[in-house]
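What follows is one structure encoded as structure tokens, with my remarks underneath.
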Amino acid sequence: MKLEQITLLAVFILAGCNHRPVPPPPMDTLSDSYPQNLIFLIGDGMGLSQISAAIYSQDDKNLFSAFPVIGLQKTYSGSDLVTDSGASATAMACGVKTYNNAIGVDMDTLPRQSILERAALEGLATGVIATSSIVHATPACFFAHHWMRVEYEAIALDLVDSDVDFFIGGGLKFFSRREDDRDLVYELEQKGFLIKNYFDEELSYSLVNPSKKFGYFTSDNRPLPAIQGRDYLPQATRMGLNYLAKKSERGFFLMVEGSQIDWTCHSNQGNQLLAELEDFNQTIREVLKFYEKHPNTLIIVTADHETGGLAINPGSTFRQLDLQFTTNGHTATMVPVFAIGPGAQYFSGIYENTDLNKRLLMAMGWQE
Ligand code: MG
Ligand code: ZN
């Protein structure tokens, strides 16, 4: 086939599907300078099939195409080919392969510095936001060090002693009704936090003053699923970005997790998955809006692993996806990494999840 024929065929194929081709992102979004801010978004369990489902079901409203750099990370842990969220978040946060169930510790259960802790040492403000409890594995790996992920009350103690300036997530009971009878809400307040919760007032009414630290509990334990009306993640992210941008002149590090993408895949619920993905997409929208005004920000969107072995079956259409899962657990498939902003160029290629951490340090100018 001649080149003109191939071009014609391509035009024909594009015209035949009524989706507008998305123009490639401008290359001036890549730069050699160090970013001031780092925003790290994790869709827990969000593999390429989940992202494909988001793109096909949300048509041209989805935002994954906005990122000029895409890479793939290998998610296996130090103990298993199929990782859990503790080992994979430890790999991304601390740069070390560890055993499944670990929280910010290595194979010998020794604590390893997380990127959030490094950011605080560098004088940056820090934040953690999740749609799970705030002491659940993924957020915990950024501020806690514990040998076993289910020890939520111990992980809550680490949050009190951490460098976190701003957090929003569930799990109030691990702070307020504990086996050891300590009142960690009071202890957080003693450490300069303004603490609010879903029972006192809505998140939207919370006035966030950057001269104080801020924490908001969205639920007693697990927040609701998106399909039951939970919609705070985009708003919490907007609040966090406004707060952190004012908190330190040096910049900030913010981790945001769409925690329940994973849970809907564990329970093999395709419709619930699409609702969680839409919530995460709205959160990416908030982050990209911030980026327009603050281009000295590096944004990474990735997953810790794939969950459910999701397939988009034959017979699917753009509006009606036939989603099928092959497992109730996680899988070993590689997961995409999307990057935009100064330093984004470090994130193309295929690499270990621990090298994602090393590339973050390089991009920020923090490598040893
Ligand atoms: Mg998680
Ligand atoms: Zn999971």
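Picking from I299, I284, which residue would you name as being in contact with a helix residue (DSSP H, G or I) (Cβ under 8 Å, 6 or more places away or on another chain) and not in a strand (DSSP E or B)?
Result: I284 is the single residue among I299, I284 that is in contact with a helix residue (DSSP H, G or I) (Cβ under 8 Å, 6 or more places away or on another chain) and not in a strand (DSSP E or B).
Restricting to the stretch 127-138, and then to whatever is of a type outside the set (A, V, I, L, M, F, W, C) and farther than 13 Å from R222 by Cβ, can you tell me which residue is farthest from ligand 1 (Cβ to nearest atom)?
G127
Among the residues of the stretch 99-126, write down those that are within 16 Å of ligand 1 (Cβ to nearest atom), within 21 Å of W366 (Cβ to Cβ) and of a type outside the set (G, A, S).
Hit for the stretch 99-126 is L116, nothing else.
Per-residue answers, yes or no, for (1) outside any loop (DSSP other than H, G, I, E, B); (2) open to solvent by 10 Å² or more (accessible area, probe 1.4 Å); (3) over 17 Å from F142 (Cβ atoms):
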{"residue": "S65", "(1), (2), (3)": "yes, yes, yes"}
{"residue": "L72", "(1), (2), (3)": "yes, yes, yes"}
{"residue": "G78", "(1), (2), (3)": "no, yes, yes"}
{"residue": "V82", "(1), (2), (3)": "no, yes, yes"}
{"residue": "A87", "(1), (2), (3)": "yes, no, no"}
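Please find, among I42, I51, the residue that is in a strand (DSSP E or B), touching a helix residue (DSSP H, G or I) at 6+ places or on another chain (Cβ under 7 Å) and touching a residue at least 40 places away in the same chain (Cβ under 8 Å).
Selected residue: I42, the only one of I42, I51 that is in a strand (DSSP E or B), touching a helix residue (DSSP H, G or I) at 6+ places or on another chain (Cβ under 7 Å) and touching a residue at least 40 places away in the same chain (Cβ under 8 Å).
Against the definition (out of contact with any Lys or Arg (no Cβ under 8 Å at 6 or more places or on another chain), within 16 Å of ligand 2 (Cβ to nearest atom) and in a strand (DSSP E or B)), how does E276 come out, yes or no?
It is false that E276 is out of contact with any Lys or Arg (no Cβ under 8 Å at 6 or more places or on another chain), within 16 Å of ligand 2 (Cβ to nearest atom) and in a strand (DSSP E or B).
Which ones in the stretch 204-219 are among the aromatic types (F, W, Y) and surrounded by 16 or more Cβ atoms within 10 Å (Cβ to Cβ)?
F214, Y216, F217, listed by residue number.
Looking at E179, E201, E187, which one is open to solvent by 50 Å² or more (accessible area, probe 1.4 Å) and either more than 28 Å from S248 (Cβ to Cβ) or away from ligand 1 (no atom under 16 Å from the Cβ) (or both)?
Going through E179, E201, E187 in turn, just one is open to solvent by 50 Å² or more (accessible area, probe 1.4 Å) and either more than 28 Å from S248 (Cβ to Cβ) or away from ligand 1 (no atom under 16 Å from the Cβ) (or both): E179.
Check the stretch 59-75 and report whether any residue there is β-branched (V, I, T) and within 16 Å of ligand 1 (Cβ to nearest atom).
Yes: one or more hits.
Keeping to the stretch 337-362, report how many residues are in contact with a Gly (Cβ under 9 Å, 6 or more places away or on another chain), surrounded by fewer than 21 Cβ atoms within 10 Å (Cβ to Cβ) and part of a strand (DSSP E or B).
Going through the stretch 337-362 one residue at a time, the tally reaches 3.
Looking only at the stretch 237-266, which residues are farther than 17 Å from A120 by Cβ and of a type in the set (D, E, K, R)?
Correct list: R238, E257, D262.
For the stretch 220-229, what are the residues that are open to solvent by 20 Å² or more (accessible area, probe 1.4 Å) and in a loop (DSSP other than H, G, I, E, B)?
D220, N221, R222, L224, P225, G229 - these are the residues of the stretch 220-229 that are open to solvent by 20 Å² or more (accessible area, probe 1.4 Å) and in a loop (DSSP other than H, G, I, E, B).
Here's a check for you: in the stretch 230-282, which residue that is of a type in the set (S, T, Y), within 18 Å of S132 (Cα to Cα) and over 12 Å from the mean Cα position of the chain (by Cα) is least open to solvent (accessible area, probe 1.4 Å)?
T264
Tell me, yes or no, whether the stretch 79-87 has at least one residue that is touching a residue at least 60 places away in the same chain (Cβ under 8 Å), small (G, A, S) and within 16 Å of ligand 1 (Cβ to nearest atom).
Yes: one or more hits.
So, of the residues in the stretch 283-321 that are of a type in the set (S, T, Y) and within 19 Å of P139 (Cα to Cα), which turns out to be surrounded by the most Cβ atoms within 10 Å (Cβ to Cβ)?
T307
The values are calculated or read from the model by the stated rules, or taken from the named source; none is laboratory data. Only a predicted model underlies this, so the values are computations on that prediction, with no experimental measurement involved. Here the Cβ is made from the backbone with ideal geometry for all residues, glycine too, and neighbour counts use every protein chain on show. Ligands, DNA and RNA are stripped out before the accessible areas are found, and what is left, the full protein with its side chains, is counted by its heavy atoms. Shrake-Rupley method; radii C 1.70, N 1.55, O 1.52, S 1.80 Å.
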